[in-house]
1. Strictly over 22 Å apart at the Cα level, which of LYS190/LYS358; LYS318/LYS393; LYS159/LYS368; LYS241/LYS265 would you flag in this model?
2. Please list, in order along the stretch 214-229, the HN-Hα scalar couplings obtained from phi with the Karplus expression 6.51 cos²θ - 1.76 cosθ + 1.60 (θ = phi - 60°), rounded to whole Hz, x for Gly and Pro.
3. Assuming 0.36 nm per residue, please report the length gained on full extension of the stretch GLU332 to GLU450 beyond their Cα-Cα distance.
4. Mind ranking 167-174, 368-375, 324-331 by how tightly packed they are, going by the mean number of other C-beta atoms within 10 angstrom, highest first?
5. Can you list the residues, at least 5 places off or on another chain, whose amide H is less than 5 Å from the amide H of LEU173, using H built in the peptide plane?
6. Using only Cα atoms, find the angle between the long axis of helix 403-430 and the longest principal axis of the chain, and express it within 0 to 90 degrees, rounded to the nearest 10.
7. Between (1) 66, 57, 47; (2) 80, 61, 40; (3) 83, 50, 37, which matches Cα extents along the principal axes in Å calculated for the structure shown?
8. Could you list, in their original order, any pairs among LYS421/LYS451; LYS268/LYS335; LYS127/LYS285 whose Cα atoms are separated by more than 18 Å?
Amino acid sequence: MTKYFLASLFCITLGMAVSAQGQSKKIVVDKIVGAVGDRIILQSNIQDAIIDAARNGEELPEGAACHILEQSLVSKILALQAERDSLPVSDDEVEANLDMRVRGWIMQFGSEQAVEDVAGKTIYQLKDDSRQAIKEQMLMQAMRRKIVENVHITPTEVKAFFDRVPTDSIPFLESELEIGQINIYPKAAKEVEEYIYNEMMNYRRQIESGRANFADLAKKYSEDPGSRDRGGAYEINRNDKDQWDPVFLSTAFRLKAGELSMPVKSNKFGYFLIYCESRRGDNAKVQMILRIPPVTQTELDIAKAKLDSVRQEIIEGKITFKDAAYKYSEDETVKSYGPFVLNQNGSTYVHIDQLPDKEMVQTLSTLKVGDYSHPVTFTNEQGKRGVRLLYLKSRTEPHRMNLQDDYNKIADMALARKRDKAIDDWLTKKVPTFYVLVDKDAAGQCPNLEKYQATSSRGF
């Protein structure tokens, strides 16, 4: 069976619809090339996946269409088995997944209107068209988790896996860093807070009196880069607690459709003014204005002095860096993920180009392994100014992968290979229990699809 590096190309059909600009250039062939039970796969699905992958800079293997078609068949087999086994994927989970994707596209393209222009559909149409495909993907993932939940790896297996890699195929690894941080966000002066609050009340009065509309004020004054250009508009789900500020979320869902909130304060961001456009169950369409009370150099200097004392305690051995981060850091992610910068895979080893901002790169350039920086000011992604202390725990030199320095990476690779084999073995047993058909032309061009004809003597 093929490995699963291309599974996302077909499963995330909503991503295809949005990421493919200039849809008129797409190849659309209304031909069924595969089916599992009553679930069909169109030739246009395969062509669109190839075009989108190329556009996104993904490296396509030889015979990409054959691999994508196989992954499409596998996805449907796994999803159907998940339904047979009654694995839990609720409608609420599907809606939350759709909402998360929509937010990602809006951030990528800059506005809800831009997403709709690129896709040639409204957001609601995109969600309706893709709901079943997203549910299938989630069922497939649930089934995969069930199949591999008891698959583990031993040190002996890790060594054996690495020993089988040809010497000339062992990858060369770029330099990676482990970076810890303690962040403090000083509060603005009381009079500044009062000024911002009064400004928000003024916006509210203008909206209520009809002298201004919410969208125009949001475009002019809001400090939220994710929504400012589209008039502060968001689609939110009550259950997406990890995605939204708790003050913003709770306030938004206390409002009735057509209701405007009072200014509310979030310690993480600033002041929100929220208008509820519509509500449907746990979903709502809202507009939001965010104002961040600015801090002066005085507040920043006080925060620097505090972190300087923390730095001294760490250097003198009175407290460990990790304990200091949990005690003093005002970054909420520390509680869930720890004080170290993480890459997209959740690893604490990051490349220099994966760091969140240039200011961090500049600070690290002055540090040796084991050093703690002096407190420095920075601005986070939400535009809030703070002070941070950086710790350079480790820095690897560029090197050829080896067991001594890269055991965890190799173990992850070995475990992934073992899990793939477990799924391959499962598919070998399960394919004959499904009604699987492959177009005869596709089957003739793709030897890897031959095994899926177990339930049929011919293509169609």
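What follows is calculated from the coordinates using simple rules that are stated; it is not laboratory data. Everything numeric in this text was worked out from a predicted model, so none of it was measured. Neighbour counts run over all protein chains shown; Cβ positions are idealised from the backbone, glycine included.
1. On the way: LYS190/LYS358 31 Å; LYS318/LYS393 18 Å; LYS159/LYS368 32 Å; LYS241/LYS265 17 Å.
LYS190/LYS358; LYS159/LYS368, as the Cα separations exceed 22 Å there.
2. Karplus values, whole Hz, x for Gly and Pro: 4, 4, 5, 5, 4, 5, 8, 10, 5, 9, 9, x, x, 9, 4, 5.
3. On the way: separation 118, 0.36 × 118 = 42.48 nm, distance 5.14 nm.
Full extension of this stretch gives 37.3 nm more.
4. Working: 167-174: 10.0, 368-375: 14.4, 324-331: 18.1.
The densest-packed peptide leads the list: 324-331, 368-375, 167-174.
5. When sequence neighbours closer than 5 places are left aside, the close amide H contacts are HIS399, ARG400, MET401.
6. For 403-430 against the chain, the angle is about 50 degrees.
7. (2)
8. On the way: LYS421/LYS451 16 Å; LYS268/LYS335 14 Å; LYS127/LYS285 15 Å.
Those over the limit do not exist; all pairs fall within it.
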